[in-house]
Every structure is written in C-alpha cells, then in structure tokens.
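> Quick one: the structure is below, and I'll ask about it shortly.
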Amino acid sequence: MSAYPNTSTVCQPLAVLGRDVEVPLVSGAKVTYAALDYAASAPALQRVWDDVAAYAPYYGSVHRGAGYLSQLSTDLFEQSRATVAEFLDLREDDQVVFTRATTDSLNLLAGVLPTGTEVFAFETEHHASLLPWRRDGLTVSYLRAPRSPEEAVAALDEALAGSAAGPRLVCVTGASNVTGEIWPVRELAATAHRHGARIVLDAAQLAPHHPVSVRELDVDWVAFSGHKLYAPFGAGVLAGRSDWLDAAEPYLAGGGASRTVAREADGSVAVEWHRGPQRHEAGSPNVVGAYAIASACRALGEAGFDALVARERFLIDRLRAGLAGIPQVRVLTLFGEEHPRVGVLSFVVQDWNSSHFSAALSAEYGIGVRDGLFCAHPLVRTLLGGEEAAPSECGAPEASLPGERSLNAIRVSFGAGTPDEHVDRFVEAVRELVTDGAKWAYRTEGGRCVPDTRRG
Ligand SMILES: Cc1ncc(COP(=O)(O)O)c(C=O)c1O
C-alpha cells in the first residue's frame with residue numbers, strides 16, 4: 001500500500017508550457033524535465049500563452065494611438081488593471097500600478113514614502129523587501145528572525161510601541177521564498193494599524209499559491225510578479241492605497257506620467273503629473289505583460305483556489321512524507337515543520353554540498369531545483385546556523401567534494417502545473433543519491449557545479 005495520500009480527491013494539474021520538454025542527461029539519455037523551481041519563475045500557463053497569442057495580432061500602442069488596434073490595446077490594458085483589482089479584492093479607492101516585477105514594485109513604494117518614514121522589516125525577508133528602504137530620507141529597523149508566528153507579532157508590536165510617531169511602514173512577506181512558510185499577515189497588519197503604521201505585503205510567493213484579499217488581510221499595499229504567477233511577460237504589480245502614490249514624484253519622469261508640460265516665460269518647463277496609476281507608469285506600458293497577468297488571474301480564479309490549495313497540500317504532504325523517510329535530509333524551517341506552507345521547501349543533505357547535490361539532480365535525473373541562499377542571505381544563514389562569509393548575491397558558494405559541510409541549501413518548489421510524478425521522481429532521486437552517491441564526478445566551472453565530462 002502506498003504511504004502517500006490518495007490522489008483521487010484532488011484536482012488535476014493545470015496545463016503549463018514545457019510539460020513535455022525532454023532534456024539530456026549526462027549519460028546521454030533523455031528524460032522529461034521535472035521543473036521544480038517554480039519559486040524562481042513558474043512556467044507559463046497554457047491558457048496565458050494562448051490568450052497572449054490570440055491578442056498578438058491586435059497588439060498596438062497604449063494610451064496614444066487613434067487607430068483601432070491602439071484603442072483595443074488601451075482597453076485591454078485598462079481591463080487588465082480591473083481584473084487584477086478583482087483578483088486582489090482591492091478597496092474602492094485603491095489603485096493598480098503595473099511594474100516590472102516585485103522588486104520594481106517595492107522600489108517604487110520606497111520612492112513614494114514620505115520623508116522621515118521608518119520602515120520595519122524582518123531580517124528573514126527576501127532581499128527585494130529587505131533592501132529598497134535603505135535610502136536617504138528613510139530609516140529601517142530590522143527585526144530578528146522570529147521562531148513562531150506569535151513571536152513575529154509580538155516583536156513587531158514591541159518595535160512599533162518603541163518607535164517615534166510619524167509615518168511608518170511595515171514590510172512583510174506572505175510566504176517565505178526559502179521555507180514556503182505562510183506568515184501571519186492579518187495579525188501583523190492589525191498590529192501595524194493599531195500603532196498607526198501602514199503595511200505592504202510582498203506576495204511574490206503567496207499570490208501564485210493562495211488567495212490574496214487586500215480587504216480581508218487589511219494590508220495597505222501588495223506587490224507580486226507575473227513571472228511567478230505563470231505569466232512570464234515582464235510585468236508585475238504594486239496595488240493599494242493611492243494617497244502616498246499620488247503625492248510623490250513619479251517613479252520615472254517622462255511621457256505617460258505627465259498630464260501637461262508647458263514652457264514658462266523664464267525658459268523653464270512646468271509639468272503637471274497625472275494622478276492615479278499613470279503617474280508611475282511613464283514610458284510605453286507593457287501591455288502584453290499586463291494582459292498576461294490578467295489572464296493568469298482569471299485562470300487561477302476559474303480553477304478555484306480551494307482546489308489549487310488542496311492539490312498543493314496533497315503534493316506537499318507527498319513530498320514531506322517522502323523526505324521524512326530519508327534521515328540524512330534536514331528540512332529548513334522557522335516556525336516548525338508542521339506550519340502551513342506553500343509549495344516551497346528548502347533542505348540540506350548531511351555530508352553533501354548543496355550545489356553538488358543539485359547539479360547531480362539535474363545532470364543525472366533531469367530535475368531542476370535551485371541551490372544557494374535564495375536572495376535571503378540572513379534567513380538562510382540563520383537556518384543553516386552559520387555566519388560564514390557571503391557568497392556573491394543570489395549565488396552559491398563554490399561546490400566542492402562531497403563530505404564538506406554545506407554553506408547553502410537546496411530548494412524544491414512547485415505549483416499549479418506540477419504533476420504528482422515530478423514530486424515522486426524527486427523524492428526517489430534524493431533517496432538514490434543519498435544511498436548510492438552521484439554516478440559522476442563534478443567540478444565548478446564559471447561559478448556553476450557541472451559534471452566533469454573531461455574524464456575518460
Ligand atoms: C518573496 C519574494 N519577494 C520578492 C521577490 C523578487 O521578485 P522579482 O525577482 O520578480 O522582482 C522574490 C523572488 O524570488 C521573492 O521570492
């Protein structure tokens with residue numbers, strides 16, 4: 001009898017691109033690629049791809065053309081905004097700004113914060129939500145890694161209670177890109193608001209896996225990336241309260257953000273900027289990216305998050321049950337292994353360098369995971385229990401021989417398009433590598449761990 005939960009009660013995976021792609025193994029054989037790095041970039045939903053392809057012949061300029069296709073593209077762009085607003089369950093006065101991705105969204109927000117704003121962020125954040133606040137006119141307080149959701153709320157409460165009155169912003173991630181653990185966003189938002197602070201939710205990892213209701217969570221802003229939401233066309237979103245966005249200088253100065261530009265008698269130029277999303281969308285907007293995000297929002301909404309969450313839980317249980325049977329595997333967790341998570345899990349393997357292990361998963365099994373510190377260096381170092389010198393940003397320390405203590409971790413992540421078979425294949429590959437070792441020798445080349453095919 002299988003140790004795994006019954007598959008018949010959960011929905012089928014959604015169709016994504018690349019599901020039949022074959023990749024070469026170092027042995028010369030070919031296998032279907034198991035994409036288990038959704039947390040970095042998820043494959044495009046087939047539906048998103050089809051929608052974009054259907055729109056492509058009608059592509060035209062946005063907000064400036066008199067022609068039919070320009071008008072159609074402008075309408076689609078604005079409808080995409082409305083679809084995202086619905087997807088996020090925004091309040092009446094909230095606005096949706098299309099950006100390039102979450103990093104861009106949070107940097108945009110950092111640029112509109114009133115001078116003197118104090119920002120509070122846990123040191124466990126992804127660098128995209130840890131670093132944009134380090135600029136003139138803002139101060140940042142980093143809160144130590146909490147070991148339970150209650151500790152997180154208490155730490156924020158204490159920090160805000162001890163802070164000076166004035167504009168304050170809390171930045172929190174909804175689901176960790178390292179552990180996949182879901183953070184107590186609603187409680188943190190309530191705490192922030194009780195102290196008169198505002199809160200932005202980094203939903204880069206939450207939105208692809210879980211419903212995000214701005215109204216219900218009561219956050220002030222939310223940011224996410226299209227390429228993690230099955231819509232890899234270069235767009236992202238910052239959505240939420242208008243007041244600070246409308247009061248600030250535009251993110252980029254240029255056409256589209258300006259309402260009127262007039263030459264003054266003294267030779268200078270006077271500009272009146274738009275209010276609303278256009279203010280921060282100068283230049284030609286990425287209509288394909290926005291449309292793709294809207295298509296993904298519709299597709300996820302139609303599939304239903306109840307079904308998607310149930311399916312993902314099923315895969316998570318399957319993964320955890322499989323890894324639990326391999327004692328050399330240590331899963332990284334802040335809040336405890338039983339804490340609810342999205343389909344993201346990081347681990348280390350006893351006596352293995354993580355880069356070496358991940359390279360073997362790719363070269364010998366055709367399984368794509370990620371190794372490194374995942375752009376969350378303080379968090380991963382806390383979880384690994386080391387304070388070693390940093391490798392390069394988002395990079396991995398040099399891979400070396402098996403047996404050395406790992407300075408980085410392995411991350412497996414999946415989502416709506418993942419078939420059960422990928423998770424099973426992954427668990428079996430981990431078991432085999434741990435038991436039998438890698439079949440090939442590996443070396444570091446150009447910062448990457450690769451099979452050493454020079455031998456023989
Ligand atoms: C939690 C989290 N926030 C922000 C980001 C940055 O997203 P992007 O690279 O799309 O800007 C990531 C990317 O991995 C992430 O996982």
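> As a check on your grasp of the helix formula, calculate [θ] at 222 nm for the chain: sum -39500 (n - 2.57) over DSSP H runs of n ≥ 4, divide by the residue count, round to the nearest 500.
-10000 deg cm²/dmol
> Ranking 171, 11 by Cβ neighbours within 10 Å, fewest first, what do you get? Don't skip to the end; give the middle numbers.
Values: 171 25, 11 14.
Neighbour counts put them in this order, fewest first: 11, 171.
> Given the peptides 423-432, 86-95, 254-263, arrange them by the average over their residues of other C-beta atoms within 10 Å, most packed first. Before the final figure, lay out each step's value.
On the way: 423-432: 19.3, 86-95: 16.9, 254-263: 12.8.
Answer by packing, highest mean first, reads 423-432, 86-95, 254-263.
> Still on this structure, I have one more. Antiparallel DSSP bridges in the range 47-302: what percent, to the nearest 5?
On the way: 16 of 33 bridges.
Antiparallel bridges: around 50 percent, rounded to the nearest 5.
> Of all DSSP beta bridges in the chain, what percent run antiparallel (nearest 5)? Could you put the intermediate results ahead of the total?
On the way: 35 of 55 bridges.
Here the share of antiparallel DSSP bridges comes out near 65 percent.
> Continuing with the same structure: Tell me which residues come under 5 Å, amide H to amide H, from residue 11 once H is placed; ignore anything under 5 positions away on its chain.
311
> Decide, for the chain, between rounded, prolate and oblate: order the square roots of the alpha carbon gyration tensor eigenvalues as a ≥ b ≥ c, take rounded if a/c falls under 1.5, and otherwise choose prolate if a/b is larger than b/c, else oblate. Intermediate values should be presented prior to the final figure.
Values: a/c = 1.82, a/b = 1.44, b/c = 1.26.
Prolate, because a/c is 1.5 or more and a/b exceeds b/c.
> Remind me, relative contact order of the range 47-302 in percent, using alpha carbon pairs under 8 angstrom and six or more residues apart? Before the final figure, lay out each step's value.
On the way: 500 pairs, mean separation 64.6, N = 256.
It rounds to 25 percent for the range 47-302.
> Evaluate the charge dipole of the chain about its Cα centre and quote only its size in Debye, nearest 20, assuming +1 on the Cβ of each Lys and Arg and -1 on the Cβ of each Asp and Glu.
Values: 40 positive and 56 negative charges, 129 e Å.
I would put it at about 620 debye.
> Another question, if that's okay. Is the range 47-302 rounded, prolate or oblate when judged by the Cα gyration tensor, a ≥ b ≥ c being the square roots of its eigenvalues, rounded requiring a/c under 1.5 and prolate requiring a/b larger than b/c? Please list the in-between numbers first.
Details: a/c = 2.41, a/b = 1.31, b/c = 1.84.
Verdict is oblate for the range 47-302.
> With just the Cα atoms defining each centre, how far is the range 42-59 from the range 82-118? Give it in Å.
25 Å
> Classify the range 164-285: rounded, prolate or oblate, from the alpha-carbon gyration tensor (a ≥ b ≥ c, eigenvalue square roots; a/c under 1.5 rounded; otherwise prolate if a/b is larger than b/c)? Mind showing how you got there, number by number?
Values: a/c = 3.41, a/b = 1.66, b/c = 2.06.
The shape class here is oblate.
> Right, here's the next one. Would you order 356, 422 from fewest to most other beta-carbon atoms within 10 Å of each residue's own beta-carbon?
Details: 356 26, 422 23.
If I rank by nearby Cβ atoms, fewest first, I get 422, 356.
> For the chain, what relative contact order do you get, as a whole percent, if you take Cα pairs closer than 8 Å and at least 6 residues apart?
Details: 919 pairs, mean separation 95.5, N = 456.
Computed over the chain, the figure is 21 percent.
> Separate question: Compute, for the range 47-302, the length of the dipole vector about the Cα centre, with Cβ point charges of +1 (Lys, Arg) and -1 (Asp, Glu) only. Units Debye, rounded to 20.
On the way: 21 positive and 32 negative charges, 83 e Å.
Dipole magnitude for the range 47-302 comes out near 400 debye.
Values quoted throughout were computed directly from the atomic coordinates according to the rules given, and no laboratory measurement underlies them. All figures in this text were calculated on a predicted structure; none of them were measured in a lab. Virtual Cβ from ideal backbone geometry, glycine too; neighbours counted across all protein chains shown.
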